[in-house]
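Take a look at the structure set out below.
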Amino acid sequence: MNNSQNELDPTVQTSDLERTYRLGNQIIHAVNGVNLDIYPGEFVTLQGRSGSGKTTLLNLVAGLESPSSGRVVFQGNDFSKLSESALTEIRRTKIGFVFQSFGLLPLLSAYENVELPLRLAGVNRKEREAQTREYLEMVGLTGRSHHRPYELSGGEQQRVAIARAIVHNPPLVLADEPTGELDSDTANVIFSLLRDIAGEQNIAVLATTHDPTLLSMATRTLEMSDGKFSELT
Ligand code: ADP
Ligand code: MG
């Protein structure tokens, strides 16, 4: 696998990406010819109506779905040329995910949730502890480390999820409606937190959102409709 990454190379690149679904005798062009380059440190937001193809695009970029045509190249690696296990390895070590409904494990504490990706990556105990503490502090949750998700507010849970998404230092974070379940003040705080941390660490972010007030925080905003997008800014 090619792991060398030049600052000038895109973290991820899609070319003529298409994904169709067959529903009965109807064909749905969920993603219909998307060309997108995202560079290190960029914070790209993707807006568009429900059903416009945002989640499908994120899943393709994550290698969770295979394109019907076109390709996804991640740090120089063409997904279609990788084995399933190589793809899984990229997802586990190089991509962080943030979901609308937080996706935390309910029986684990905030600390254990953040630590999990490091365990999966085989990081040793001492380093795990240092990293987990550092990231919990970064998201302002040091005092809540030992709480379980149900003891935390939505905003706090999403902070945990952000820490978990980036604790293993991935070059790419994919966030699907990360503020969809938060009130607008909390949404603003969470979105800026993600943007600031990603910016400091030179992480590329692709985040979908419905909330127009969050779009101004992006370095680039894309709008999707019927599986295609037009660049707004
Ligand atoms: P968004 O995230 O913007 O709401 P999606 O990517 O979820 O949009 O969906 C885009 C289109 O693809 C929609 O018409 C949706 O119904 C369809 N779609 C998504 N996933 C599937 C699937 N697994 N099977 C059939 N149709 C799907
Ligand atoms: Mg969606």
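Write out, first by first residue and then by second, each pair whose Cβ atoms fall under 7 Å of each other, whose residues are 6+ apart or on separate chains, and whose first residue, in the stretch 102-116, is open to solvent by less than 20 Å² (accessible area, probe 1.4 Å) while the second is β-branched (Val, Ile, Thr). These pairs meet every condition: ALA110/VAL160; ASN113/VAL160; VAL114/THR132; VAL114/VAL160; VAL114/VAL167; GLU115/THR132. Pairs linking a residue in the stretch 165-180 that is without any contact (Cβ under 8 Å) to a residue 12 or more places away in the chain and under 13 Å from ASP211 (Cβ atoms) to a residue that is more than 15 Å from ligand 1 (Cβ to nearest atom) and open to solvent by 30 Å² or more (accessible area, probe 1.4 Å), with Cβ atoms under 7 Å and 6 or more positions apart or on different chains, do not occur. When we screen ARG195, ARG91, ARG164 for residues that are touching a Phe, Trp or Tyr at 6+ places or on another chain (Cβ under 9 Å), under 21 Å from LYS54 (Cα atoms), among the basic types (Lys, Arg) and open to solvent by less than 50 Å² (accessible area, probe 1.4 Å), the only hit is ARG91.
Which of the residues that make up the stretch 130-149 are touching a helix residue (DSSP H, G or I) at 6+ places or on another chain (Cβ under 8 Å) and either small (Gly, Ala, Ser) or over 16 Å from LEU194 (Cβ atoms) (or both)? Break it down into steps so the answer makes sense when it comes.
Restricting attention to the stretch 130-149, the residues satisfying the condition of being touching a helix residue (DSSP H, G or I) at 6+ places or on another chain (Cβ under 8 Å) are 131-133, 135-136, 138-142, 144-149.
Residues satisfying the conditions are GLN131, THR132, ARG133, GLY140, THR142, ARG144, SER145, HIS146, HIS147, ARG148, PRO149.
Candidates in the stretch 1-14 are the residues that are hydrophobic (A, V, I, L, M, F, W, C) and open to solvent by 60 Å² or more (accessible area, probe 1.4 Å); of these, the one that is modelled with the highest pLDDT is LEU8. If you go through the stretch 163-186 and pick out every residue that is within 16 Å of the chain's Cα centre (by Cα) and more than 29 Å from GLU129 (Cβ to Cβ), you end up with 4. Only a single criterion out of (1) under 16 Å from PRO178 (Cβ atoms); (2) open to solvent by 40 Å² or more (accessible area, probe 1.4 Å) is not satisfied by SER69, namely (1).
Scanning the stretch 119-156 for residues that are more than 23 Å from ALA207 (Cβ to Cβ) and either open to solvent by less than 40 Å² (accessible area, probe 1.4 Å) or in contact with a strand residue (DSSP E or B) (Cβ under 7 Å, 6 or more places away or on another chain) (or both) yields VAL123, ARG128, THR132, SER145.
Return yes or no: is TYR135 away from ligand 1 (no atom under 16 Å from the Cβ), part of a helix (DSSP H, G or I), closer than 19 Å to LEU118 by Cβ and of a type in the set (Phe, Trp, Tyr)? Against the criterion (away from ligand 1 (no atom under 16 Å from the Cβ), part of a helix (DSSP H, G or I), closer than 19 Å to LEU118 by Cβ and of a type in the set (Phe, Trp, Tyr)), TYR135 qualifies.
Against the test of being buried (at least 19 other Cβ atoms within 10 Å of the Cβ) and under 15 Å from the mean Cα position of the chain (by Cα), the options LEU64, LEU17, LEU57 yield a single qualifying residue, LEU57. For VAL189, are the conditions met, namely being surrounded by fewer than 18 Cβ atoms within 10 Å (Cβ to Cβ), at pLDDT 90 or above and more than 16 Å from ligand 2 (Cβ to nearest atom)? So VAL189 fits the description; yes.
Report every pair of residues separated by at least 6 positions or lying on different chains whose Cβ atoms are under 6 Å apart, first residue within the stretch 21-46 and touching a residue at least 12 places away in the same chain (Cβ under 8 Å) and within 15 Å of PRO67 (Cβ to Cβ), second open to solvent by less than 70 Å² (accessible area, probe 1.4 Å) and among the basic types (Lys, Arg). Partner pairs satisfying both residue conditions: ALA30/ARG19; VAL31/ARG19.
Across the stretch 20-54, the qualifying residues are those that are closer than 22 Å to GLN100 by Cα and hydroxyl-bearing (Ser, Thr, Tyr), and the one among them that is most open to solvent (accessible area, probe 1.4 Å) is SER50.
The values are calculated or read from the model by the stated rules, or taken from the named source; none is laboratory data. No experiment lies behind these values; they were computed from the predicted model shown. Cβ sites come from the backbone with ideal geometry, for glycine too, and all protein chains shown count toward neighbours. Heads up: the accessible areas ignore ligands, DNA and RNA and are worked out on the full protein's heavy atoms, side chains in. Shrake-Rupley method; radii C 1.70, N 1.55, O 1.52, S 1.80 Å.
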